[in-house]
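Q: Would you mind keeping the following structure in view while I ask a few things?
The values are calculated or read from the model by the stated rules, or taken from the named source; none is laboratory data. Bear in mind the structure is a predicted one, so any value in this text is a computation, not a measurement. Here the Cβ positions follow ideal geometry from the backbone for every residue, glycine too, while neighbour counts run over all protein chains shown.
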Amino acid sequence: MKIYRPRDKWYNKSNKEKMKIRKYLFFLFALIYIFLLCPHNFTHAQSENKIKELSVAAVQFAVNLDIYSSSNLFEKEINNLFEKEIKSIIDSTTEKKPIDLIVFPEYTLAFLAFIPNGKDLENSPTFEQAFTSIKNKYPIFKTINGFFLTRARYTLIQAKRIFGKLSQKYHCYILAGSYFARSVGNTLVNRALVFGPSGSIIYTQDKVFLTNFEKDILKLSPGNQKKCKGFFINNLHVALTICRDTFDSSWESVYNQYDLWIDIKANGTYFTEQEKVSFERALPARMKKTSVPYGITACLTGSLFDLLWEGESSIIHNNKGIIQYLFKTGPIAEGVLKAELTFH
């Protein structure tokens, strides 16, 4: 009597058939491994395809000499703005959803350098006369550039103390504007600071394309565009340009694949119709030639000595080259724009 054994069937198959079966079994076991032993791969894939949201606020910040006359007054001004605007935005949401990112304009931090001399500047009609009054009292400051170089550390300490505390309290990212920072080779740069929810600085970026005021009066040095990499929030890549930077088309290739583009401005003139057209040649013109879906412009307003700033802050959406203004301020008053941005 012949006993049937399953392996006889296997031995009777040709080598070509055996190879085909082996390949089939290999792929079968590979699929089992992926599905059963590596479920996190699918979780990750699902999360990558999920719609992402980012809650943002753009601050149009109005400056004057009073708020830079003491560190306590500046801190009080910023805290009041958070209590009045940011906290009320959070409280107005059903789930009290925190804001992920708060953006302040260029130069917000720069004039903290004047705080130790606040009372010496009350009767100075111009920026240069203000420095002259400081130089007459403190001969160590021979140039405006030297003054800001010396005060750079003080300014950074105040920025960390005020905005580091707020980013922790509200558990958010804060782009705190820019200040005049000491850089390599004892040079002075216009540097933006980004604070993370831990309260520490997570990103800095130096202005690349400088204004005449920055080059001729302040003697600033330009930043390096190759070092401008942006930062991440919730796996979303955020790009940054500082005022005049945004008029240069070279940024389009640098930031083409980013998720959000921020332009912080201190537009040092009256916001005329000509300036309105000029603003259109900045972030809206750059974004329409990229795949970046959202943009934020945050402007400084107000005056300091003979310096004046005006501009319209905005939040815009780019839909395949068509720019839509989601929110926009007027050119003078202080205010906060808030938006929920959705990324597919």
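Q: Report whether or not SER249 is without any contact (Cβ under 8 Å) to a residue 60 or more places away in the chain and over 16 Å from the mean Cα position of the chain (by Cα).
A: Criteria met by SER249.
Q: Taking region 299-313 as the region of interest, how many residues are out of contact with any Leu (no Cβ under 8 Å at 6 or more places or on another chain) and surrounded by 24 or more Cβ atoms within 10 Å (Cβ to Cβ)?
A: Adding up the residues that qualify gives 3.
Q: Checking ALA130 against (1) crowded, with 22+ Cβ neighbours inside 10 Å; (2) free of Cβ contacts under 8 Å to residues at least 40 places away in the same chain; (3) of a type outside the set (Lys, Arg): exactly one of these is not met. Which one?
A: Answer for ALA130: the failing condition is (2).
Q: The conditions are (1) surrounded by 15 or more Cβ atoms within 10 Å (Cβ to Cβ); (2) free of Cβ contacts under 8 Å to residues at least 40 places away in the same chain; (3) assigned to a loop (DSSP other than H, G, I, E, B), and ILE316 fails exactly one of them. Which is it?
A: It is condition (3) that ILE316 fails.
Q: Looking at this structure, is TYR179 closer than 17 Å to VAL63 by Cβ, assigned to a loop (DSSP other than H, G, I, E, B) and either without any contact (Cβ under 8 Å) to a residue 40 or more places away in the chain or under 17 Å from the mean Cα position of the chain (by Cα) (or both)?
A: In short, no.
Q: Quick one: how many residues across region 320-335 are in a loop (DSSP other than H, G, I, E, B) and either in contact with a Pro (Cβ under 8 Å, 6 or more places away or on another chain) or not assigned by TED's automatic domain parsing to the domain that holds ALA266 (or both)?
A: Adding up the residues that qualify gives 0.
Q: Quick check on region 214-232. Is at least one of its residues aromatic (Phe, Trp, Tyr) and either in a loop (DSSP other than H, G, I, E, B) or on the phi > 0 side of the Ramachandran plot (or both)? Talk me through it step by step, then tell me what you get.
A: Taking region 214-232 first, the residues aromatic (Phe, Trp, Tyr) are 231-232.
Applying the additional criterion that residues be either in a loop (DSSP other than H, G, I, E, B) or on the phi > 0 side of the Ramachandran plot (or both) yields none.
Taking every residue of region 214-232 in turn, none turns out to be aromatic (Phe, Trp, Tyr) and either in a loop (DSSP other than H, G, I, E, B) or on the phi > 0 side of the Ramachandran plot (or both).
Q: Could you tell me whether any residue of region 273-281 is modelled with pLDDT of 95 or more, crowded, with 20+ Cβ neighbours inside 10 Å and not hydroxyl-bearing (Ser, Thr, Tyr)?
A: Yes, because at least one residue in region 273-281 is modelled with pLDDT of 95 or more, crowded, with 20+ Cβ neighbours inside 10 Å and not hydroxyl-bearing (Ser, Thr, Tyr).
Q: Which one of these does GLY196 not meet: (1) closer than 18 Å to ALA58 by Cα; (2) crowded, with 24+ Cβ neighbours inside 10 Å?
A: It fails just one condition, (2).
Q: Right, another one. If LEU210 satisfies all but one of (1) modelled with pLDDT of 95 or more; (2) over 30 Å from GLN129 (Cβ atoms), what's the number of the condition it fails?
A: With (1) modelled with pLDDT of 95 or more; (2) over 30 Å from GLN129 (Cβ atoms) applied to LEU210, the lone miss is (2).
Q: Hey, could you check region 125-148 for residues that are out of contact with any helix residue (DSSP H, G or I) (no Cβ under 7 Å at 6 or more places or on another chain) and assigned to a helix (DSSP H, G or I) and say which is nearest to LEU65 (Cα to Cα)?
A: The extreme case among them is PHE127.
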